[in-house]
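Only the coordinates and a few stated rules stand behind these numbers; no lab work does. Source: prediction; values computed, not measured. Heads up, the Cβs are rebuilt from the backbone with ideal geometry, glycines too, and the neighbour counts pull from every protein chain shown.
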Amino acid sequence: MDFDDRQALYKDLLEHNGKDKQIIKAIEELGELQHELCRAVLGTPDIHHITEEIADVEIMLEQIIGIFQINKWNIPEEMYNKLTRTFIRLHEENEDEHKGCTGTTSKD
């Protein structure tokens with residue numbers, strides 16, 4: 001199904017179910033992905049189920065973008081900003097961990 005077909009389906013779903021129901025559905029799908037990820041952390045990952053839940057979440061995210069009329073071209077910019085902040089924070093933490101380390105050892 002191409003982008004235009006998906007958008008037409010999302011429009012039909014929104015008209016049939018209403019905005020609130022589709023938002024709740026998005027929350028449910030996020031919860032199902034969370035559940036699968038928790039199972040993975042506990043040692044029982046099911047890659048197929050995780051993949052299915054990611055697909056469900058991505059479908060719902062496309063709908064959320066439409067419901068709230070989010071400019072989808074702003075999302076990569078926000079991702080870039082967040083990843084840049086994460087990169088900086090990670091390197092600052094690494095520098096803090098190594099402060100005071102001279103690489104020499106004491107000899108008594």
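A few comments on the model shown:
- The helices (runs of 4 or more DSSP H) found entirely in the chain that carry 1 or more residues being under 15 Å from the mean Cα position of the chain (by Cα) are 19-41, 47-67, 74-98.
- Residue pairs whose Cβ atoms lie under 9 Å apart, separated by 6 or more positions or on different chains, with the first residue in the stretch 1-15 and of a type in the set (S, T, N, Q) and the second assigned to a helix (DSSP H, G or I), are GLN7/GLU62; GLN7/GLY66.
- If the condition is being of a type outside the set (S, T, N, Q) and loosely packed, with under 11 Cβ neighbours inside 10 Å, then the stretch 32-54 contributes CYS38, VAL41, LEU42, GLY43, ILE47, HIS48.
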